[in-house]
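In what follows, a structure is listed as structure tokens, so that the remarks can point back to it.
The values are calculated or read from the model by the stated rules, or taken from the named source; none is laboratory data. Everything quoted here is computed from the prediction, not taken from an experiment. Cβ atoms come from the backbone with ideal geometry, glycine included; neighbour counts cover every protein chain shown.
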Amino acid sequence: MTSEVITRKFSIPGGYIDNQDTASEAARREALEETGIHVEVVKLLQYRDRAAIFACVATQPILVAEQKESAQRQQIASWHAADFSREVKAVYLISPLSLVSAEYRYPEDTALLYQWMMETPESEVVFFTDISDRASVLHQAELVAITAFKNWGNALPDAAKTVLDSLMWLLNLSGEYWFVFLLIAVIASVAGPGTMLPLLAATVITILVSTCLKQVFYLPRPFYLVPGLQNGDAYGFSFPSGHTLLATVIWGMFWIKLCAGKSRLRAGSGLLMVTVLILGQALARVWFGVHFISDTVAAIVIGILLLILFTRLFTPTAIRGKAIWLGIAVLTGVAAGLTLLPAHTYLFAISLGVFLSLDALPKESLTLSVPRHIVVALILLAGSGAIVYSFAVMANASTVSLIILGMHAAGAFLLAVWLVAGSSLMLKLLAAPETA
């Protein structure tokens, strides 16, 4: 089964039937594009509404990652599939009996999965613990170092191992989208949406650059090659490290805003702290087994180059103007059309939402008391949570990928409008009595 990017649920491989293909030809094509496995169609199992369900057999052994413990969901080596990371997060051998209806894209078909499996001839399966010979010479050398690092950490006493895991989790936060969004929302409520805009623009462009580069190089993650290295969740390609790239840009912008041009002590101590946070983020990604060392080094270099670009582009006046945000919207829109990555569609929706909300920005600096800033922050976060939850529920009610994609994009658009226009309106309303 495939774990889908858009629906965030499991499904058997499948897709639409082109005019020039028969149903069985479409089944072979979709299996190859989504899983990377060449199959032969054995027979038609059943028609389900407009869907034709076929029994298929792989024409070559299926490579499956061997699990250390008994597991009913074992990942298949599928990073070479055409739709990997764009439509498919991962491919698994799954026992249908382990699935609940809420996990499956078509819940009404969940009860039929076991029957379909029993009517399908078995394919040859080969379990692996190490296929690093398929990696480049550089990555093979890095895998030796990563394995040694993991073995050292796993050999620590339980208490020390718990501390290490907790530290890695904390250091990894700055690359998590939800954490970055929380930072952006807090800045919008405390310092105003105008101060938030440079960080939001930098985040959008950084994610765009990271995801585009991953599609260009399409390199596997360490745990795709050596499953035992996995200690965290991740999907898609490895190069560059998106978390490390985002952390470099985020903490770099904080240093530029708060420390650059200040006293030597403040600039130096701030730079040291930022360096520790960025290197810690890189170390965490290696510890989790989701990135090579070279992925993180490249991400830091790219992040520094982006910071230089952002300091030139995102001046206080320019970032509040429509030209930059129109450019970002066009850039993300073109990327969404070319790559077909759902993430690029969401970035376009966010950029468009900001572009259409710029007129709501306060024209002058507003002063609020600390309690009122807290009120703005709470309302902004509560509203954001309501938007995310509402659109997630609506998206979950559909099984059509385009509708689900549209729901998520609409939620991203409204979230951007709420962050910019909503925070602006609240600041104006709460500041008015104090500045009258």
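Some observations on this one:
- Looking across G236, G194, G232, G252, one residue alone is in contact (Cβ under 8 Å) with a residue 40 or more places away in the chain, farther than 21 Å from K150 by Cα and not in a helix (DSSP H, G or I). It is G236.
- Among the conditions (1) over 23 Å from G236 (Cβ atoms); (2) in the same structural domain as I374 (by TED's automatic domain parsing), the only one that W178 does not satisfy is (1).
- R28 vs. criteria of a type outside the set (S, T, N, Q) and part of a helix (DSSP H, G or I): yes
- Taking the range 72-89 as the range and being basic (K, R) and in a loop (DSSP other than H, G, I, E, B) as the test, only R86 passes.
- Test for D133: is it surrounded by 15 or more Cβ atoms within 10 Å (Cβ to Cβ), of a type in the set (D, E, K, R) and over 15 Å from A31 (Cβ atoms): no
- The range 388-405, residues that are under 19 Å from the mean Cα position of the chain (by Cα) and either aliphatic (A, V, I, L, M) or crowded, with 18+ Cβ neighbours inside 10 Å (or both): V388, F391, A392, A395, L402, I404, L405
- Which numbered condition G321 misses (of (1) surrounded by 13 or more Cβ atoms within 10 Å (Cβ to Cβ); (2) farther than 26 Å from K89 by Cα): (1)
- Scan of the range 307-326 for residues that are assigned to a helix (DSSP H, G or I) and either of a type in the set (V, I, T) or farther than 28 Å from V274 by Cβ (or both), ordered by number: I308, T311, I319, K322, A323, I324, L326
- Comparison of F355, F348 shows that the only residue that is in contact with a Gly (Cβ under 8 Å, 6 or more places away or on another chain), over 30 Å from A141 (Cβ atoms) and at pLDDT 95 or above is F348.
- Every residue from the range 97-121 that is out of contact with any strand residue (DSSP E or B) (no Cβ under 8 Å at 6 or more places or on another chain) and either surrounded by fewer than 13 Cβ atoms within 10 Å (Cβ to Cβ) or at pLDDT 90 or above (or both): L97, V100, S101, A102, E108, A111, Y114, Q115, M117, M118
- Of all residues assigned to the range 98-117, at least one qualifies as being in a strand (DSSP E or B) and under 29 Å from L341 (Cβ atoms).
- Exclusive hit being assigned to a helix (DSSP H, G or I), farther than 30 Å from V57 by Cα and in contact (Cβ under 8 Å) with a residue 60 or more places away in the chain, set A141, A145: A145
- The residues of the range 363-378 that are in contact with a helix residue (DSSP H, G or I) (Cβ under 9 Å, 6 or more places away or on another chain), surrounded by fewer than 16 Cβ atoms within 10 Å (Cβ to Cβ) and modelled with pLDDT of 80 or more, listed by number, are I374, V375, L378.
- Given (1) closer than 19 Å to S24 by Cβ; (2) in contact (Cβ under 8 Å) with a residue 24 or more places away in the chain, number of the condition P61 does not satisfy: (1)
- For K89: the one exception among (1) within 28 Å of the chain's Cα centre (by Cα); (2) surrounded by 16 or more Cβ atoms within 10 Å (Cβ to Cβ); (3) under 22 Å from V42 (Cα atoms): (3)
- Any chance L283 is of a type in the set (A, V, I, L, M, F, W, C), out of contact with any strand residue (DSSP E or B) (no Cβ under 8 Å at 6 or more places or on another chain), part of a helix (DSSP H, G or I) and exposed (fewer than 15 other Cβ atoms within 10 Å of the Cβ): no
- Only one of V204, V216, V209 that is part of a helix (DSSP H, G or I), over 30 Å from K257 (Cβ atoms) and in the same structural domain as A329 (by TED's automatic domain parsing): V216
- Against the conditions (1) under 21 Å from L173 (Cβ atoms); (2) free of Cβ contacts under 8 Å to residues at least 24 places away in the same chain; (3) not small (G, A, S), K262 satisfies every one except (1).
- Residue, surrounded by the most Cβ atoms within 10 Å (Cβ to Cβ), within the range 1-60, restricted to residues that are out of contact with any helix residue (DSSP H, G or I) (no Cβ under 7 Å at 6 or more places or on another chain) and aromatic (F, W, Y): Y47
- Here is the figure for the range 396-410: residues that are touching a residue at least 60 places away in the same chain (Cβ under 8 Å) and part of a helix (DSSP H, G or I) total 6.
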